[in-house]
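Read the structure below first, then the notes.
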Amino acid sequence: MPERVVRIADEVSALTKARLREVAGVAATTKMLAINAAIEASRAGAAGAGFAVVAKEVGAVADTVHGLSAELSQQLAPLVDELSSLGDDLVEKVRGSRLSDLALNAVELIDRNLYERSCDVRWWATDSAIVDACDAARGSAAVDAGRTARHASERLAVILSSYTVYLDLWVADAHGRVIAHGRPERFGSVVGTDVSGQAWFRNAVATGSGGEYVVDDVTTNPSLGGATVATYATAVRAGGEEHGEVIGALGIFFDFAPQAHDIVTGVRFSEEERARTRVMLVDAERRVLASSDGRGLLTEQIDLAAAGQGTFGSFVGRGGEVVGYAQTPGYETYRGLGWYGVIVQRPG
């Protein structure tokens, strides 16, 4: 592990400094003994002359050892510092590269999921039951309109029984009044609700063809129990034709929270890593949409200032944490919404 390189460098540095201090201490003690021996030899006069020579040589050896210790310390210090620096760089590059790759994988998984939602809404908007309900809502035959709306609701319920990733599907007429939905038993009847002022409806009826769709960023929907949803919508067109007259809109509400939670908690880490790692999906404004620790959903903004304008990479934060990030590249015809996968890992 790259962090192990840094720890070894620190251990080598500490051990080297300790041993050099010990050597310097021995040299100082030896020097002091040589000085004391020279003093005693001087007191002994001619009888201590030979001993004075030995004392002088011992002092010279002590000076040499002290010089070597100081020189070794001076030479080793920059090498150990460089080793620590290289270790820090290795942590950022190796760990950062891995986290960036995992962040990209996370955001790609959610976008592949959402790509399917963009296909679903365009397909279902051509369903004959939905087209008939919107067409009947334009006429004056209330009985026919009611019957076709009930049939559309039944059809939506059948779709929902197979596509469990949705909370509900709503059909609105050209004026923005909900005329059918698939889960009245769960959310109560929303039939008659005016959605003409909601972005998904306004943008859906403004699409240029049946091949287009719109998507709202993740938000909570009070009519769906306050659930966190990603809303996809498109126009319902006369005859289900790609360029037919707009006669209504279909809005589908993707149950975002559990799907996104599975993605951010499913990134593979060891148990030790998982305890110090946070995996997130954030929107283009860096707002947290999903987090492996469940914190900050739709309220917290992640600081990616150190990333500059980059769409993929990593950096080391102020606290030593490694941050890997990747912006969505989109998937197939789904360009994405500028979301990021972000992984923050504290030092081990």
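The values are calculated or read from the model by the stated rules, or taken from the named source; none is laboratory data. These figures come from a predicted structure and were not determined experimentally. No Cβ is skipped: glycine too gets one built from the backbone with ideal geometry, and neighbour counts run over all protein chains shown.
Of all residues in the stretch 178-192, those being buried (at least 16 other Cβ atoms within 10 Å of the Cβ) and farther than 13 Å from residue 154 by Cα number 4.
So is residue 234 among the polar types (S, T, N, Q), in the same structural domain as residue 172 (by TED's automatic domain parsing) and touching a Leu at 6+ places or on another chain (Cβ under 7 Å) or not? Working first, answer last.
Values: among the polar types (S, T, N, Q): yes; in the same structural domain as residue 172 (by TED's automatic domain parsing): yes; touching a Leu at 6+ places or on another chain (Cβ under 7 Å): yes.
It is true that residue 234 is among the polar types (S, T, N, Q), in the same structural domain as residue 172 (by TED's automatic domain parsing) and touching a Leu at 6+ places or on another chain (Cβ under 7 Å).
Among the residues of the stretch 323-340, those that are part of a loop (DSSP other than H, G, I, E, B) and over 12 Å from the mean Cα position of the chain (by Cα) comprise 329, 330, 332, 333, 335, 336, 337, 338. Of all residues in the stretch 302-322, those satisfying the criterion of being within 12 Å of the chain's Cα centre (by Cα) and not acidic (Asp, Glu) are 302, 304, 312, 313, 314, 322.
Please pick out the residue among 238, 249 that is of a type outside the set (Lys, Arg) and out of contact with any Ser or Thr (no Cβ under 8 Å at 6 or more places or on another chain). Walk me through it before giving the result.
Numbers: 249 fails: out of contact with any Ser or Thr (no Cβ under 8 Å at 6 or more places or on another chain).
Being of a type outside the set (Lys, Arg) and out of contact with any Ser or Thr (no Cβ under 8 Å at 6 or more places or on another chain) holds for just one of 238, 249, which is 238.
The residues of the stretch 233-247 that are out of contact with any Lys or Arg (no Cβ under 8 Å at 6 or more places or on another chain), surrounded by fewer than 19 Cβ atoms within 10 Å (Cβ to Cβ) and outside any helix (DSSP H, G or I), listed by number, are 241, 242. Selection over the stretch 270-322 of residues that are among the β-branched types (Val, Ile, Thr) and in a loop (DSSP other than H, G, I, E, B) gives a count of 3. When 284, 290, 230 are checked against the criterion of being surrounded by fewer than 17 Cβ atoms within 10 Å (Cβ to Cβ) and either more than 27 Å from residue 196 (Cβ to Cβ) or not charged (D, E, K, R) (or both), 284 stands alone in meeting it.
Could you tell me whether residue 254 is out of contact with any helix residue (DSSP H, G or I) (no Cβ under 7 Å at 6 or more places or on another chain) and either outside any strand (DSSP E or B) or not basic (Lys, Arg) (or both)?
Working: out of contact with any helix residue (DSSP H, G or I) (no Cβ under 7 Å at 6 or more places or on another chain): no; either outside any strand (DSSP E or B) or not basic (Lys, Arg) (or both): yes.
Considered against the rule, which asks whether it is out of contact with any helix residue (DSSP H, G or I) (no Cβ under 7 Å at 6 or more places or on another chain) and either outside any strand (DSSP E or B) or not basic (Lys, Arg) (or both), residue 254 comes out as no.
Residues of the stretch 135-175 that are over 22 Å from residue 228 (Cα atoms) and part of a loop (DSSP other than H, G, I, E, B): 138, 139, 140, 141, 174, 175. Cβ contacts < 7 Å: first residue without any contact (Cβ under 8 Å) to a residue 12 or more places away in the chain, restricted to the stretch 204-230; second residue among the β-branched types (Val, Ile, Thr), any location; separation 6+ or different chain. Result? If the second residue must be among the β-branched types (Val, Ile, Thr), the pairs left are 226/220. Looking only at residues in the stretch 163-177 that are crowded, with 16+ Cβ neighbours inside 10 Å and of a type in the set (Ser, Thr, Tyr), the one that is farthest from residue 235 (Cα to Cα) is 163.
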